[in-house]
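Heads up: the structure comes next, in structure tokens.
The values are calculated or read from the model by the stated rules, or taken from the named source; none is laboratory data. A quick note: this is a predicted structure, and the numbers were derived from the prediction, not measured. Because the Cβ atoms are built from the backbone with ideal geometry, glycine has one as well, and the counts that use them run over all protein chains shown. Areas reflect the complete protein model, heavy atoms only, side chains present, ligands, DNA and RNA absent. Shrake-Rupley method; radii C 1.70, N 1.55, O 1.52, S 1.80 Å.
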Amino acid sequence: MPANSRLAWLLNDVAGKRLLAVVLAITVLVPILNLAVPADSFFHVPTYWVSLLGKYLCFALLALAVDLIWGYCGILSLGHGAFFALGGYAMGMYLMRQIGDRGVYGNPLLPDFMVFLNWQELPWYWYGFDNFAFAMLMVLLVPGILAFVFGWLTFRSRVTGVYLSIITQAMTYALMLAFFQNDMGFGGNNGLTDFKDILGFNLHADNTKVALYVLSGVALMIGYLLCRFVVSSKLGRVLVSIRDAESRTRFVGYRVEHYKLFVFVLSAMLAGVAGALYVPQVGIINPGEFSPINSIEIIIWVAVGGRGLLYGAVIGAILVNYGKTYFTGAFPEVWLFMLGGLFVVSTLFLPQGVVGVVQQWKQKRAERKAFKQVTPSASPQAKPDSSTAAVETAS
Amino acid sequence: MIRYFLNIVFMLAFALSGVQFAQADDDAFGQLVEQLGGSNLRNKVQVIEQIAALEDERALPVLEALMNNALYQRKSDNQFVFAADEDKQLRLTSVVSGEDLGLASSRDVRKVITNNSLRSQTRTLVAVTRLHSKKNEVKLAAVSELLKSPDASFLAPLDAAIAEEKNPSVLKALQVARGAILLGNESEVERLKAVKAMDGYNSKQVLTLLQAQLDVESSELVRKEINDVLGGLKRAETGYKFVEDLFFGLSLGSVLLLAAVGLAITFGVMGVINMAHGEMIMLGAYTTYVVQLLMPNHIEASLIVAVPAAFLVAGLMGVIIERGVIRFLYGRPLETLLATFGISLILQQLVRSVFSPLNRSVITPQWMSGSWEINGFLSLTYNRMYIVLFALAVLFGLMLLLKKSYFGLQMRAVTQNRAMASSMGIRTGWVDAMTFGLGSGIAGIAGVALSQLTNVGPNLGQSYIIDSFMVVVFGGVGNLWGTFVAAMGLGVANKFIEPLSGAVLAKILILVFIIMFIQRRPRGLFALKGRFVEG
């Protein structure tokens, strides 16, 4: 392998390359199966599934953002749902302004909920959101600035570990309480919904949904490459050393808080992008997204997949969310038991997540193979068994 | 139960006080009541006046019932009855004999006909009758009614009542009521006297009365006097408002203290992040509910039984969690956080499956309801007073346990140096389990207290967990005094910010304050002194 080339960070990441290939494949295949294959065919993918998969891809991007700070820098943020929701609200505000005079009250300037609350003019912080480019800038800037301010205060005063987790949770809790207020001007309890179109394309049309899905897939791939690039760089190695021994890193001469701040802001922006892609696909954003339990759920996606690997987060997010869709539909009573059980089991028995289990199992198999090659005649009886097992797993 | 008992006592008393005399009296009262039927309203006015003049103990209830449209006649025998709603039916009580006549449908009774003028006549008579009552509370209630609508027709009975009143505080109240009536008098001197009589009587009604009079008052002299009196009253009101806010703040702080003090043990002493702590509170609250289900006839005593029961249930659950999950995760705080969060989800769903997702109602015993009316500006509810006392008792008991008992000694030893404690022969694993059980059990006790203040539902715990962590972190980990000061401080601060900004914004401000505070002092208000190395 060309370890010295400029692209070594990507080429050495075998599992990552596989993951990217899979994501690329479903990003390309699903739209074809949805649009080009006739609706009665066995291979047709219903539009409902496209949106659902698109949602999973957004969650995967969010999980990636959390893994970047938790897996590589040891910052367990219990408030990442807040950055996701803020990105979502920025997108939602753009979509609200796009409704124009097609709302229930037909007011060309004010969204329905403001008319309902008897507001006379648009609050200043809603200005500019009719412009798509400005809204997209806000998707990055609002979570980014919040993360910058919060991180700057926190990391500078060396709040770490559990304390950090608890105050990030307090942050998202405070934001949730604030967004539930009607006079905040973000739709209060109901949030923002009833979206009509995005950039002139009808949000309810199949083509638009597929396009959003493809965008989510592309965003996930770019996000993955970005995160992989960061963690493979020299900066990434400093991050890992902060995770493993913060004081030592500081004594060696690195400005620990700067590194942490950089990666925290980057992660918040990724979460914001995920939120912005999520909102048009589900058609609503409300303060419930800020609730502390949502943020903790993200952590469990990463923990189940395996943290500190990046692709583990993606796998975990998709696995857990598929499980959630299935169980909340089939056995709604059981889902919370399942989720709770997942927390306990994954922390007790799967410290490296699903990916870790697979890796361990592979390693054991390789060791056994190596052992057998050294002593080929050690156990002649066992040989047929293990070879068939190997064939089965290979296929 | 109690009502039957009272009835028997009542009858016995009657029997002893001379049957014949009672009988004659009874007849007069009974005959007058009989005349309340029918539709001749003019006659009824005379009848109620005669009833009021009887000076019979039973007169007031009849008049009050007539005033509130709660006087009925039973269709079957035309007997006059009081009716009170009970389980969608009416519980009937005989007017004359006070006898319980059992439940009846609303179709079995006929309402005694009244009209507006009769009702207002009745209101006057009720007020007058109350003024002549032997009980001070009844008299004060009558004064409060009078202050709502002062009317010159009450002047004569008031004067009569003032003449024979001996209790100074009741006398003052009666004079204030008299003043309220005379405020509308034409004579300037009378008005001046009236205002002077009201000086220093702490009541919101007096405040509004004087305020209204100020708008219409023509005499400069009286205006000045009113302003003086109003100024004094307003100062008193501000003072008492402050006391009330302080009390509310302290009671909120006590709730926070109860919720957080268990966490201060598990998080502060053991360093375990127990996200299922809120669910331990919830278990305690549900234990109260179950205890009340098991002893429906002894609701008054149910809370006293529920406290140890909740301690055992939650404590046992805590020990199970510690032995089953947490002991494998010591030294990995973030993993503990996740695992216990999972446990909290499981417990919530468990409660939802067993008890239904709806809120359950826990009955408040008689001795905890009601309030202590200190004056017109200040009244403190009993349940909040008990919560404050209870929280302090729990904190004190816990400190005693930690400082004075052998178990507390072992616990502190394990906290300070696990390896050394172990080699001195302390079973550290057992101490861990017991400590965790203690923290959880105290959360269960908090649940009993909270069941008296909020709804008991599966989400009860979730709403307290973040607050509890804030209190513990703010107060400084591993320090019960810190927890106490933090809880009370946050509670009082919350109550004082609330009127300025609204309840939700107050909460947000407090959260932001704590976030900023932790930046300044990452180890809380009362940090343990010494050097710390990251673990």
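Identify, please: which residue in region A:222-244 is open to solvent by less than 30 Å² (accessible area, probe 1.4 Å) and aliphatic (A, V, I, L, M) and is, among those, nearest to A:GLY87 (Cα to Cα)? For region A:222-244, the residue satisfying everything is A:VAL230.
The residue that is most open to solvent (accessible area, probe 1.4 Å), among those in region B:352-369 that are assigned to a helix (DSSP H, G or I) and away from chain A (no Cβ under 12 Å), is B:GLN366.
Is one or more of the residues making up region A:189-197 within 14 Å of chain B (Cβ to nearest Cβ), surrounded by fewer than 17 Cβ atoms within 10 Å (Cβ to Cβ), in contact (Cβ under 8 Å) with a residue 12 or more places away in the chain and under 30 Å from B:ALA506 (Cα atoms)? Let's see the steps before the verdict.
As a first pass, look at region A:189-197 and keep what is within 14 Å of chain B (Cβ to nearest Cβ): A:189.
Filter once more, keeping what is surrounded by fewer than 17 Cβ atoms within 10 Å (Cβ to Cβ): A:189.
So of that shortlist, the ones also in contact (Cβ under 8 Å) with a residue 12 or more places away in the chain come out as A:189.
With the extra rule that they be under 30 Å from B:ALA506 (Cα atoms), the set shrinks to A:189.
Looking for residues that are within 14 Å of chain B (Cβ to nearest Cβ), surrounded by fewer than 17 Cβ atoms within 10 Å (Cβ to Cβ), in contact (Cβ under 8 Å) with a residue 12 or more places away in the chain and under 30 Å from B:ALA506 (Cα atoms), one finds at least one in region A:189-197, hence yes.
A single entry from A:ARG6, A:ARG18 fulfils the requirement of being part of a loop (DSSP other than H, G, I, E, B) and charged (D, E, K, R): A:ARG6.
Which residues, taken from region A:151-161, are facing chain B (nearest Cβ under 8 Å) and at negative phi? Don't jump to the end; show me each part of the working.
Here is the first cut: in region A:151-161, the ones facing chain B (nearest Cβ under 8 Å) are A:153-154, A:156-161.
Selection gives A:LEU153, A:THR154, A:ARG156, A:SER157, A:VAL159, A:THR160.
Being without any contact (Cβ under 8 Å) to a residue 24 or more places away in the chain and open to solvent by less than 30 Å² (accessible area, probe 1.4 Å) holds for only one residue in A:VAL66, A:VAL45, A:VAL22, and it is A:VAL45.
Would you confirm, using the coordinates I've provided, whether A:TYR125 is open to solvent by 20 Å² or more (accessible area, probe 1.4 Å) and either β-branched (Val, Ile, Thr) or part of a helix (DSSP H, G or I) (or both)? Write out each step before concluding.
On the way: open to solvent by 20 Å² or more (accessible area, probe 1.4 Å): yes; either β-branched (Val, Ile, Thr) or part of a helix (DSSP H, G or I) (or both): yes.
So A:TYR125 passes the test.
Kindly evaluate B:ASN375 against the criterion of being surrounded by fewer than 17 Cβ atoms within 10 Å (Cβ to Cβ), of a type outside the set (A, V, I, L, M) and touching a Ser or Thr at 6+ places or on another chain (Cβ under 8 Å). Here the answer is yes, as B:ASN375 does meet what is asked. Could you name every one of the helices (runs of 4 or more DSSP H) located completely within region B:100-197 that has at least 1 residues being under 29 Å from B:LEU90 (Cβ atoms)? The helices (runs of 4 or more DSSP H) meeting that bar are B:116-131, B:136-148.
Taken together, the residues in region B:489-527 that are of a type in the set (Lys, Arg) and either facing another protein chain (nearest Cβ under 8 Å) or without any contact (Cβ under 8 Å) to a residue 12 or more places away in the chain (or both) amount to 3.
Of all residues in region B:275-285, at least one satisfies being facing chain A (nearest Cβ under 10 Å) and in contact (Cβ under 8 Å) with a residue 40 or more places away in the chain.
Here is a yes/no grid of residues against (1) free of Cβ contacts under 8 Å to residues at least 40 places away in the same chain; (2) aliphatic (A, V, I, L, M); (3) part of a helix (DSSP H, G or I); (4) more than 30 Å from A:ASN12 (Cα to Cα):
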site	(1), (2), (3), (4)
A:PHE148	no, no, yes, yes
A:TRP152	no, no, yes, yes
A:PHE155	no, no, yes, yes
A:LEU164	no, yes, yes, yes
A:LEU175	no, yes, yes, yes
A:ASN207	no, no, yes, yes
A:ALA211	yes, yes, yes, yes
A:LEU215	no, yes, yes, no
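Using the structure shown, decide if A:TRP49 is in contact with a helix residue (DSSP H, G or I) (Cβ under 6 Å, 6 or more places away or on another chain) and part of a helix (DSSP H, G or I). When the stated conditions are applied, A:TRP49 does not pass them.
Filter region A:151-201 for residues that are among the hydrophobic types (A, V, I, L, M, F, W, C) and in contact with a Ser or Thr (Cβ under 8 Å, 6 or more places away or on another chain) and give the result.
So in region A:151-201, the residues among the hydrophobic types (A, V, I, L, M, F, W, C) come out as A:152-153, A:155, A:159, A:162, A:164, A:166-167, A:170-171, A:174-180, A:184, A:186, A:192, A:195, A:198-199, A:201.
Listed by number, the residues that qualify are A:LEU164, A:ILE167, A:MET176, A:ILE198, A:PHE201.
When you scan region A:305-316, do you find a residue that is part of a helix (DSSP H, G or I) and under 23 Å from B:TYR330 (Cα atoms), even just one?
First, pick out the residues of region A:305-316 that are part of a helix (DSSP H, G or I): A:305, A:311-316.
After this cut, where a residue has to be under 23 Å from B:TYR330 (Cα atoms) as well, the list is A:305.
Looking for residues that are part of a helix (DSSP H, G or I) and under 23 Å from B:TYR330 (Cα atoms), one finds at least one in region A:305-316, hence yes.
Checking each residue in region B:55-82 for being more than 29 Å from the chain's Cα centre (by Cα) and in contact (Cβ under 8 Å) with a residue 60 or more places away in the chain picks out B:GLU55, B:ALA59, B:LEU63. Figure legend. Inter-residue proximity from region B:174-191: first residues touching a residue at least 12 places away in the same chain (Cβ under 8 Å) and over 18 Å from B:ASP215 (Cα atoms), second residues crowded, with 16+ Cβ neighbours inside 10 Å and of a type in the set (Lys, Arg), beta-carbon distance below 8 Å, spacing 6+ or different chains. Indicated pairs: B:LEU174/B:LYS139. Taking region B:98-114 as the range and being of a type outside the set (D, E, K, R) and either open to solvent by less than 50 Å² (accessible area, probe 1.4 Å) or in the same structural domain as B:GLU145 (by TED's automatic domain parsing) (or both) as the test, the residues that pass are B:GLY98, B:LEU101, B:GLY102, B:ALA104, B:SER105, B:VAL109, B:VAL112, B:THR114.
Taking region B:316-342 as the range and being crowded, with 24+ Cβ neighbours inside 10 Å, in contact (Cβ under 8 Å) with a residue 60 or more places away in the chain and under 22 Å from B:GLY457 (Cβ atoms) as the test, the residues that pass are B:GLY318, B:ILE321, B:THR340, B:PHE341.
Within region B:383-393, at least one residue is modelled with pLDDT of 90 or more and aromatic (Phe, Trp, Tyr).
Among the numbered conditions (1) farther than 29 Å from B:LYS241 by Cβ; (2) out of contact with any Leu (no Cβ under 6 Å at 6 or more places or on another chain), the only one that B:ILE162 does not meet is (2).
For residues that are surrounded by fewer than 24 Cβ atoms within 10 Å (Cβ to Cβ) and under 14 Å from the mean Cα position of the chain (by Cα), scanning just region A:271-307, find the one that is farthest from A:GLN181 (Cα to Cα). Among residues in region A:271-307 that are surrounded by fewer than 24 Cβ atoms within 10 Å (Cβ to Cβ) and under 14 Å from the mean Cα position of the chain (by Cα), the one farthest from A:GLN181 (Cα to Cα) is A:ILE300.
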